[in-house]
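A short worksheet on the structure shown next.
The values are calculated or read from the model by the stated rules, or taken from the named source; none is laboratory data. Keep in mind that this is a model prediction, so the values were computed, not measured. For accessibility, only protein heavy atoms count, side chains too; no ligands or nucleic acids. Shrake-Rupley method; radii C 1.70, N 1.55, O 1.52, S 1.80 Å.
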Amino acid sequence: MAEGPMQEPAGPSGLAGRVIEAWALLGGIVLLGVALMTAWSAITGWVFAKPLPGDFELTEVLVAIAVFSMLPYCQQTDANVTADIFTAGAGPRAVAGFRLFSALLALGVALVLLWRTWAGMQDYRQFIETTAILKIPIWWAYVPAIASLALLCLACLIVLRDCWRALVRK
């Protein structure tokens, strides 16, 4: 069977795929924690008139972390939104070419996001900005986001390699 973007490649990128999958699952656990925290805060706010202080701050930070953590997995598993209308009548070679082009674009966007997110984290670290209620340093949320973007770049490279191989085979 031919190796494609949706299959786990052998070798080092197989390990990368497992790391990317584990990172996304960790993001899912974070999201589940946000849901439980929100429910707890709503219940205690309703029953005892004492919601969890700073629950909206935690929700904001943790949901952003969870979303970033799932980006590499979506890229690696070809789960991003696509416009199949452009490829519906195209042959296998044209589809492989489109996929290669989209993988290149995704890598470019991922690299720019990584670069600018790193710069943003440096600014927040320098000026020590915190959340209003819990006083959590904002730059802390940037650390897992940067790790996610680095994994996104890796996923883009894996997909790019697989698309190149598929294009050459066709």
With a ≥ b ≥ c the root eigenvalues of the C-alpha gyration tensor of segment 23-80, is it rounded (a/c under 1.5), prolate (a/b larger than b/c) or oblate?
prolate
Only Cα pairs under 8 Å and at least 6 apart count here; give the relative contact order of the chain as a rounded whole percent.
33 percent
Hey, can you find the accessible area per residue of the chain for me, probe 1.4 Å, expressed in square angstrom?
62 Å²
How big is D for the chain, in µm² s⁻¹ as a whole number, if Stokes-Einstein is applied with the Kirkwood radius of its Cα pairs at 37 °C and 0.692 mPa s?
181 µm²/s
Residues whose modelled amide H sits under 5 Å from the amide H of Thr130, counting only those 5 or more places away in sequence or on another chain, are Ile138
Once the Cα atoms of helix 92-127 and of the chain are each reduced to a long axis, what angle between those two axes, in degrees from 0 to 90 to the nearest 10, is obtained?
30 degrees
Rounded percent of accessible protein surface that carbon and sulfur make up, the chain, 1.4 Å probe:
73 percent
